[in-house]
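Visitor: Just dropping this structure here.
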Amino acid sequence: MKNIKLLLVLSAVLLIASFSVNSTLAYFSSHSDAEGGKTVVLSHSTEIVEKIDNLNKFITVKNTGKSTIFVRVAVFYSTSENVTITLEDGWTDGKDGYYYYAYPLDPGQTTSTGINAAVSFKDKDKDHDFQVVAVCENTQYVYYGGNEPVNAPTYKGWHLMEKEGQ
C-alpha cells in the first residue's frame, strides 16, 4: 500500500512538472536572426584653436574625434584683468560659466565662428602680465525621440556627461 501511495505522489509530481515543460522549452528555444551591420564609433575629442592679436584672443574649436559632437567653452582669467567676451553668431552664453556652440561638429570640422576675449588695462603705460585660458568640453550628438537636440545647458547630453564624470 505504501508503494502505491508513493507511486501516486510521484505520478502527480511528474504530471504537474510536465505542464510547465512546454513553456520552459518555449522560453529557451526562442531566438531571433539579424543581418547586416554598421560600425559605431563613440570616440570624441576636441582641439582649441587660438589666434592672438595684441590683447585679443580669438577662440575656435576643432572636432578631432571620429563622431559628431556638441561643444561648450569656458573662459578663465584673473579678476584683476578687464576682459570683454564677444560671442560671434552660433555661440550663446549659457549663464552657467559656459559658452555653447549651437551646431553639431562633424569629425574634422571647426566651428565657423568663435569667441573673442579682449583684454584691456586702465594703466596702458605699464607692462602687465595676464593670462586668458579657454577650456573646451564636448558631448556626443544624440537623437532623443527622433528630434534633433539643440546645444544648450538643458541638453540631455551635458547631463549624461556630468553623471559619468567625463
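Visitor: Within the stretch 10-32, does at least one residue satisfy the condition of being closer than 30 Å to V61 by Cβ, modelled with pLDDT of 75 or more and either assigned to a loop (DSSP other than H, G, I, E, B) or of a type in the set (V, I, T) (or both)? Explain how you work it out, then say what you get.
Guide: Residues of the stretch 10-32 that are closer than 30 Å to V61 by Cβ, as a first pass: none.
The answer is no, given that none of the residues of the stretch 10-32 is closer than 30 Å to V61 by Cβ, modelled with pLDDT of 75 or more and either assigned to a loop (DSSP other than H, G, I, E, B) or of a type in the set (V, I, T) (or both).
Visitor: Do you know which residues across the stretch 46-60 are exposed (fewer than 14 other Cβ atoms within 10 Å of the Cβ) and assigned to a loop (DSSP other than H, G, I, E, B)?
Guide: Residue satisfying the conditions is N54 alone.
Visitor: Identify all residues within the stretch 77-112 that are more than 21 Å from the chain's Cα centre (by Cα), open to solvent by less than 50 Å² (accessible area, probe 1.4 Å) and under 18 Å from V49 (Cα atoms); write none if there are none.
Guide: Passing the criteria: only I85.
Visitor: Follow-up question, since we're still on this one. Listed residues T68, T84, T113, T39; which is within 15 Å of C136 (Cβ to Cβ) and among the polar types (S, T, N, Q)? Show your work before the answer.
Guide: Details: T68 fails: within 15 Å of C136 (Cβ to Cβ); T84 fails: within 15 Å of C136 (Cβ to Cβ); T39 fails: within 15 Å of C136 (Cβ to Cβ).
Matching residue, one of T68, T84, T113, T39: T113.
Visitor: Being in a helix (DSSP H, G or I) and within 20 Å of K95 (Cβ to Cβ) is the filter; apply it to the stretch 116-166 and report the residue that is modelled with the highest pLDDT.
Guide: Within the stretch 116-166, the first condition is being in a helix (DSSP H, G or I), and the residues that meet it are 156-164.
If we keep only those that are within 20 Å of K95 (Cβ to Cβ) as well, we get 156-159, 161-162.
Details: K156: 62, G157: 65, W158: 69, H159: 61, M161: 53, E162: 46.
Here the residue is W158.
The values are calculated or read from the model by the stated rules, or taken from the named source; none is laboratory data. Everything numeric here is computed off the predicted structure, so don't read it as measured data. As a convention, Cβ positions derive from the backbone with ideal geometry for all residues, glycine included, and neighbour counts pool all protein chains shown. Just the protein is used for accessible areas: all its heavy atoms, side chains included, with ligands, DNA and RNA removed. Shrake-Rupley method; radii C 1.70, N 1.55, O 1.52, S 1.80 Å.
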